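No lab work stands behind these numbers, since they all come straight from the coordinates. Only a predicted model underlies this, so the values are computations on that prediction, with no experimental measurement involved. Heads up, the Cβs are rebuilt from the backbone with ideal geometry, glycines too, and the neighbour counts pull from every protein chain shown.
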Amino acid sequence: MTSATNLASPDSRTIRGFFDEIAFRYDFLNSLLSFRLDDYWRSRTKKLVLDGREQAVLDLGVGTGRYLAEFLRAKTFQRAVGVDFSAKMLERSRQELPPGVRFVRADFHHLPFPEAAFDLVISSFTLRSVKDLTRFFDEIYRVLNSRGKAAFLCLTRPQGLFRWFYKPYLKYYLPFVGRFFSGGSEAYQFLSESIQHFQEPGATVSLLRQRGFQTIQVHRLTFGAATLIVAKK
């Protein structure tokens, strides 16, 4: 069993095992644990990201496909690709997304795509699971074309008074409910710990600038319980 002290940042193999374990209840529990706010966050970020000119989209950490589905409903892409390192998550997304979507099981740190292959890269609730963010952002920069942009929807910690309500939610409610409905006690303890300890959005923005991204926008949602970071190449 993974120790509690390591659950904020376990190794990639352990994280993959967590997502394989909870794939069958993942969407249900996301909605329950976020009080259905996850649907609003996906819909809102889609409107903030798209300008209508995007032709090729890559979803990193496609999971069950709900984030990519939002973008596919909004417009027609010439090419859509979903990447995940969890085989069971990819099985779920294949069932949910249109036949034209290509699915790839791959490591985020070594993307199997040529340079400038996409003009939009999206990723939801994924950054906290990435072991080497520098390498990850370098790979995204490489596969984006010269006018491309990346959009990261992240679970973050609220500011102000709301943080006092959110802290016990993260520490107690989230792992308890996740364990009760899925049986994946360590999987949802990892989710709780990773949100509590992941870097602030400002640190992510600084790293994106270091990796070459130019125009970066930060949109805090629901008092900062979620944050959208849009970075243009």
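Annotation: amide H-H contacts under 5 Å for G148 (H modelled 1.01 Å from N, sequence separation of 5 or more, or interchain): K233. Taking amide H as placed 1.01 Å from N in the peptide plane, the amide H of T156 sits under 5 Å from that of A226, T227, each at least 5 places away or on another chain. Over region 68-148, what portion of Cα pair distances is larger than 23 Å, expressed as a whole percent? More than 23 Å apart: 20 percent of the Cα pairs in region 68-148. By DSSP, the beta bridges lying fully in region 95-233 are antiparallel in about 70 percent of cases. In region 127-233, Cα pairs under 8 Å separated by at least six residues give a relative contact order of 40 percent.
In order along region 142-150, phi translates into HN-Hα couplings of 5, 7, 7, 7, 5, 10, x, 9, 10 Hz, rounded to whole numbers, per the Karplus curve 6.51 cos²θ - 1.76 cosθ + 1.60 with θ = phi - 60° and x for Gly and Pro. Positive end of the dipole of region 68-135 (Cβ unit charges, origin at the Cα centre): among A87, S123, F113, the Cα lying farthest that way belongs to A87.
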